[in-house]
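Rule-based calculations on the coordinates, nothing more; no lab input. Just so you know, these numbers come straight off a predicted model, no measurement behind them. Note: ideal-geometry Cβ built from the backbone for every residue, glycine included; neighbour counts use all protein chains shown.
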Amino acid sequence: MNLVWQRFTLSDLPLRQYLSTSYLHSVLFGLLHSWKQSSILMRWGETIAAVLVSFVYGLAPFVTSTLTGVLLGACGAFWLLLTISDEPTDKNAPTVTPIHLLVCFYWVVALVATALSPVRQHAISDFINLTLYLLLFALCARVLRLPPFRNWLLVLYLLVSLVVSVYGVRQKLFGAAQLATWVDPESPLAKNTRVYSYLGNPNLLAGYILPAVILSLIAIFAWRGTARKALAATMLVMNLMCFRFADSRGSFIGLALASIVVVLLLRYWYSESLPKFWRTWLVPILLGSFVTLFAVAFGVSEEFRLRIVSIFAGRGDSSNNFRINVWTAVFQMIRDRPIIGIGPGHASFNKVYPLYQVPRFSALSAYSIILEITVEMGFIGLGVFLWLLTVTFNTGWLQLRQFRRIHSTDGLWLIGAIGSLVAMLGHGLVDTVWYRPEINTLWWLMVGLVASYWTLQPSHTNQEISPNPQPAAN
């Protein structure tokens, strides 16, 4: 059984041996190697790549999707340039991991779905967008292998999210115009202010802040020094406040699932250094504290209580009723094209969905990433996506065990990446903000972070390489 699992998760795949003998790999990866040796610019290739990625994550909450798309195009083009100018046998060349293989497989399925789409012209544009996201993953996985760049990018996201959260809290304190009906107009919360900060939508804001909540919590454990831990604690408090004021029910689900995962992984991480009492009772105490905190908030805050209760209101809540009607139409779309779907992207969905929609319930997406992937790429695409998730989490778990043996602080950030992925998946079960550039770029950053650790050997990870806020202050 263990052998079957290793084969399924590609844990025992001899990638390095295969790549070292692969003719196709040697031909494609290294075409411009001689030019790279004589190019002054390409000597700074990794740094330039880190700068491009920094622009994506530093500007994403503040700029239009069009500009983000331009930056993604630049990242994809530069990754291609770096890749074909690397020597195949160079130890610093980008390493192909099991995650890379599944991402490539996912791209191939999307390509087939696009070719067979009943609205091919619209599917092509969104297929290009998907390709840009996957190229961003490839560049992130490469850049994040280098500790200084990994430190910087994690700190950059945490600092940007702090700015976003502070502005969101300010909106709650001083008021903000509600740009759309984000609460059931017949609910007692109809006049409640839901903050949206720079992102223009409270659900999108909550999805953006979710990984920051997890990573700022991890920073409290990983960063050394009172000042740095105080900064991490400040980030956590502000992120949680903004997250609460966004009042996104889907993100509450994501945070609840991620909290369980992070607590269990932290318990595993510190188990050897904990006294017997804490090894036994740490998880129950932490989970009990979360439940108690939830119960207090539920009892004290009427706004919070009504939002939570509305999750279970079924069609009694207008937002729930809307999603149920959309899901009913999406199930019919899946029934008619179950194998390979209608093609990737919102453009394809917007062309096909009106043929199935319940009257007066127009929608831009399926309001569930699982349903969205199935309707876009069929059960084949969904199967590959679930396989990708399995390989990603398994790769993270195996590397976490290795970091635990050598007491490398990188293991804490790996826990943060895994928790962030779980949080975004939980939120995505009932929403599709996952497809927006601000969120999708974060998803592939976390996947890239997990993939970047796959190449590290114990002898290379003895040093502490936890993110340091110092570069951001210079």
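Worth a mention:
- Shape of segment 74-170, Cα gyration tensor, a/c cut at 1.5: oblate
- Shape class for segment 274-432, computed from the alpha carbon gyration tensor (a ≥ b ≥ c): oblate, with a/c not under 1.5 and a/b at or below b/c.
- In this calculation the C-beta distance from Ser65 to Met1 is compared with R0 = 41 Å, giving a FRET efficiency of 0.35.
- Computed from point charges on the beta carbon alone (+1 for Lys and Arg, -1 for Asp and Glu), the dipole magnitude for the chain about its Cα centre is near 620 Debye.
- Whether the chain is rounded, prolate or oblate, judged on the alpha carbon gyration tensor where a/c under 1.5 counts as rounded: oblate
- Within the chain, longest stretch clear of exposed trypsin sites (Lys or Arg not before Pro) (DSSP loop, no more than 14 other Cβ within 10 Å): 225-359
- Trp281-Arg405 FRET efficiency (beta carbon distance; Förster radius 30 Å; 0.05 resolution): 0.75
- When the helices of the chain are scored as -39500 (n - 2.57) per DSSP H run of n ≥ 4 and the total is divided over every residue, the value at 222 nm lands at -23500 deg cm²/dmol.
- A DSSP coil position with no more than 16 other Cβ atoms inside 10 Å describes the following chymotrypsin sites (Phe, Trp or Tyr not before Pro) in segment 263-348: Phe312.
- With at most 13 neighbouring Cβ atoms within 10 Å, loop GluC sites (Glu not before Pro) (DSSP) excluded, longest segment of the chain: 187-463
- Gain in span if fully extended, Arg120 to Arg360, counting 0.36 nm per residue against the direct Cα distance: 83.7 nm
- The simple Förster model, with R0 at 60 Å and r as the Cβ-Cβ distance, assigns Asn321 and Ile40 a FRET efficiency of 0.45.
- Percentage relative contact order, the chain, counting C-alpha pairs under 8 Å, at least six apart: 23
- Inter-label distance for Cys104 and Leu389, nm, one decimal - labels placed 7 Å from Cα along Cα-to-Cβ: 2.4
- For segment 237-346, the fraction of alpha-carbon pairs in successive 5 Å shells from zero, as %: 2, 9, 12, 15, 13, 13, 12, 9, 8, 5, 2, 0
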